Amino acid sequence: DAGVIQSPRHEVTEMGQEVTLRCKPISGHDYLFWYRQTMMRGLELLIYFNNNVPIDDSGMPEDRFSAKMPNASFSTLKIQPSEPRDSAVYFCASSLTRGRGDDEAFFGQGTRLTVV
Amino acid sequence: GDSVTQMEGPVTLSEEAFLTINCTYTATGYPSLFWYVQYPGEGLQLLLKATKADDKGSNKGFEATYRKETTSFHLEKGSVQVSDSAVYFCALRKEPGYQKVTFGTGTKLQVIP
């Protein structure tokens, strides 16, 4: 398997523009997570899905952020409108539930977003 | 709520030095504990894990023991290499089947030749 695939790897956009980040999880995984990483706040969980259904979006910072998972092989994180403080690295991760407590989350390489 | 506390970085060591990165946690019940590593420009990847008290996780020369009495999961390696330079994250999952993972803030390790 190719692992979790994110696109684009880098995104530079102007303040006020819409930004869409994309993620393809590992085939067969039933959980998908979106994280944001910054120097100031570290790694923050934004939202996660189980079988394409959003379970917990309490980490989404504002209404400007939205996430969808229309099917088991694709998810998007959208920021509209974007602001300079949204600049960060956004990671997508997926995992498979086996119920043993040691389920591993597999991370993509991340999208580095810069809003100018 | 659940939380993980790691020692502040960066940690700078000479090659072949002994490494310890401290991690303590707060959680109810019997969480599973993890160490993830992030190499420059990459995503996080699992380094080792332990699911119950006194379990020792190990991988690539790194070890960590799940200590319930001290709520700790310190990462150790006897002899670090330049290639170990990365950011290390301690993490917990509060119970089996619960998929949300709580991460620490990360500790940057730099190993110099």
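Cross-link pairs exceeding 27 Å between alpha carbons, from the set A:LYS24/B:LYS68; B:LYS68/B:LYS100; A:LYS24/B:LYS77; A:LYS68/B:LYS56; A:LYS68/B:LYS52; A:LYS68/B:LYS68: A:LYS24/B:LYS68; A:LYS24/B:LYS77; A:LYS68/B:LYS56; A:LYS68/B:LYS52; A:LYS68/B:LYS68.
Taking the Cα centre of the protein assembly as shown as origin, sum charge times position over the Cβ atoms of Lys and Arg (+1) and Asp and Glu (-1), and report the length of that vector in debye to the nearest 20. Present the calculation step by step, with values, prior to reporting the outcome.
Working: 23 positive and 27 negative charges, 51 e Å.
The calculated dipole for the protein assembly as shown is roughly 240 debye.
Work out the P(r) tail for chain B: percent of alpha carbon pairs separated by more than 19 Å, whole number.
Numbers: 2527 of 6328 pairs.
So the pairs more than 19 Å apart make up 40 percent of the total in chain B.
Using a Gaussian network model of chain A whose springs link C-alpha atoms within less than 10 Å, name the residue from A:LEU46, A:LEU96, A:LEU32 with the highest mean-square fluctuation. Largest GNM mean-square fluctuation: A:LEU96. If R0 is 35 Å, the Cβ-Cβ spacing of B:PHE18 and A:ILE55 corresponds to a FRET efficiency of close to 0.25. Note on the stretch A:16-65: the alpha carbon radius of gyration divided by the globular reference 2.2 N^0.38 Å gives 1.26. Springs between Cα atoms under 10 Å define the GNM used for chain A, and in it the highest mean-square fluctuation of A:ARG85, A:ARG22, A:ARG41 occurs at A:ARG41. Tally Lys and Arg at +1 and Asp and Glu at -1 over the other residues with C-beta under 9 Å from the C-beta of A:TYR48: what net charge comes out? After counting each charged neighbour, the total is -1. Each of B:MET7, A:MET39, A:MET15, A:MET69 was scored by other Cβ atoms within 10 Å of its Cβ. Listed from fewest to most, they are A:MET39, A:MET15, B:MET7, A:MET69. Averaged over the residues of peptide B:45-57, the number of Cβ atoms from other protein chains lying within 10 Å of each residue's Cβ is 2.
Taking all pairs of different Cα atoms in the protein assembly as shown, averaging 1/r and flipping that mean, what Kirkwood radius in angstroms comes out? Don't jump to the answer; show the numbers that get you there.
Numbers: mean 1/r = 0.0551 Å⁻¹.
It works out to 18.2 Å.
Can you give me the distance in nm between label points at B:ASP54 and A:THR114, each placed 7 Å from the Cα along the Cα-to-Cβ direction? For the pair B:ASP54/A:THR114, the computed spacing is 5.3 nm.
State log₁₀ I(q)/I(0) for chain A at q = 0.11, 0.16, 0.20 Å⁻¹ as given by the Debye formula over alpha-carbon point scatterers of equal weight, solvent excluded. For the requested q values the scattering log ratios are -0.33, -0.69, -1.06.
With a Förster radius of 22 Å applied to the beta-carbon distance between A:LYS78 and B:GLU42, the computed FRET efficiency rounds to 0.35. Dipole magnitude for chain A: computed about the Cα centre from +1 point charges on Lys and Arg Cβ and -1 point charges on Asp and Glu Cβ, it is near 200 debye.
Net charge near B:GLU15, counting Lys/Arg +1 and Asp/Glu -1 over other residues with Cβ under 14 Å of its Cβ? Intermediate values should be presented prior to the final figure.
Numbers: positive: B:LYS77; negative: B:GLU16, B:ASP84.
Neighbour charge sum, excluding B:GLU15 itself: -1.
Every read-out reported here was derived from the displayed coordinates using simple, explicitly stated rules and does not represent laboratory data. No experiment lies behind these values; they were computed from the predicted model shown. Note that each Cβ is placed from the backbone with ideal geometry, even for glycine, and that neighbours are counted across all protein chains shown.
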